[in-house]
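The structure under discussion appears below in the form of structure tokens.
The values are calculated or read from the model by the stated rules, or taken from the named source; none is laboratory data. Model, not experiment: these values are computed from the prediction. Glycine gets a Cβ as well: all are built from the backbone with ideal geometry, and neighbour counts include every protein chain shown. For the accessible areas, the whole protein counts, side chains as well, though only heavy atoms, and no ligand, DNA or RNA atoms are used. Shrake-Rupley method; radii C 1.70, N 1.55, O 1.52, S 1.80 Å.
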Amino acid sequence: KKKKLFVIIDDSLVKKFFAEVMQGTGSFFDTKNHCNITAFRIISCLVSDGRYSVPIGSSYLFSKELTDLMEEPVESKEDIAKRLVVLALKLFPEANFKVLVDGLYCTERFLRWCIANKIDLEARMHSNRVVTYNGEKTTLKNLLNKKGIQPKGRKKTKTISVFWQNLPLEVSVVRRIDKNGDESIVFQAATYKALPREHVENYRKRWPIEKMFRTTKQRLGLEDCQSTRLATQDNHT
């Protein structure tokens with residue numbers, strides 16, 4: 001019965017290090033080990049109220065080496081994300097949703113779809129994106145050189161209005177301080193207007209899906225199935 005809910009979409013590698021003939025596996029870059037590994041890539045979706053989270057769906061994102069061999073069209077990451085958002089809207093038709101994704105889904109195609117369908121989206125955005133701010137084209141990273149853009153002192157966030165690929169977006173410049181006291185700047189893009197702190201607080205609601213991947217791998221055996229059949233792997237997932 002909650003009126004404000006979050007749709008959280010993310011992907012993870014289900015590692016199959018020694019697989020040679022396992023249907024559906026591909027070669028993917030593992031950001032933790034900094035090398036290519038054999039794995040399934042799974043996109044999953046949670047619906048959360050900030051305290052409780054329920055997984056509602058998942059789908060495989062196959063590697064290009066496999067999709068190039070397939071005769072029929074295969075869902076792209078944007079197609080999968082759209083389908084999962086639509087599913088959440090059908091399951092909770094009365095709720096006001098915020099869709100939370102990382103930089104992988106911050107594409108022109110997906111953002112344009114969200115804006116056209118009046119879906120509030122919060123996404124991480126790469127610093128090399130070229131945007132138009134006050135009539136001037138520049139990268140997000142270079143915006144930090146402009147006076148008043150980079151948060152300083154007690155201020156942690158600054159939100160500005162920009163255009164990217166002719167799409168109106170609210171970009172939040174977020175100053176983060178890690179446990180060692182080191183500072184870094186990250187950028188968030190949103191399709192809706194809100195206070196800077198609200199953008200930051202909403203994006204932090206992505207954490208439950210990170211916990212879900214960790215728990216399913218470490219405690220529930222997500223990576224333990226050794227069947228060579230994709231259908232069996234899908235049932236296990």
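A few comments on the model shown:
- The set of residues in the range 171-203 being farther than 15 Å from residue 151 by Cα, touching a helix residue (DSSP H, G or I) at 6+ places or on another chain (Cβ under 7 Å) and of a type in the set (Gly, Ala, Ser) consists of 190 alone.
- Annotation: of all residues in the range 113-150 being basic (Lys, Arg) and assigned to a loop (DSSP other than H, G, I, E, B), the one that is most open to solvent (accessible area, probe 1.4 Å) is 147.
- Scanning the range 160-193 for residues that are open to solvent by less than 30 Å² (accessible area, probe 1.4 Å) and farther than 18 Å from residue 110 by Cα gives 160, 172, 173, 174, 175, 186.
- Hits in the range 206-237 - residues which are open to solvent by 40 Å² or more (accessible area, probe 1.4 Å), aliphatic (A, V, I, L, M) and assigned to a loop (DSSP other than H, G, I, E, B): 220
Yes/no matrix, rows are residues, columns are (1) within 15 Å of the chain's Cα centre (by Cα); (2) closer than 23 Å to residue 90 by Cβ; (3) not hydroxyl-bearing (Ser, Thr, Tyr):
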| residue | (1), (2), (3) |
| --- | --- |
| 1 | no, yes, yes |
| 20 | no, no, yes |
| 47 | yes, yes, yes |
| 51 | no, yes, yes |
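- The residue that is nearest to residue 98 (Cα to Cα), among those in the range 176-192 that are in a strand (DSSP E or B) and polar (S, T, N, Q), is 188.
- Residue check, residue 37 open to solvent by less than 30 Å² (accessible area, probe 1.4 Å), modelled with pLDDT of 95 or more and either among the hydrophobic types (A, V, I, L, M, F, W, C) or farther than 26 Å from residue 235 by Cβ (or both): no
- Within the range 68-112, the set of residues being part of a helix (DSSP H, G or I), aromatic (Phe, Trp, Tyr) and in contact (Cβ under 8 Å) with a residue 40 or more places away in the chain comprises 105 only.
- Among (1) in contact with a Leu (Cβ under 9 Å, 6 or more places away or on another chain); (2) loosely packed, with under 11 Cβ neighbours inside 10 Å - the single one residue 153 does not satisfy: (1)
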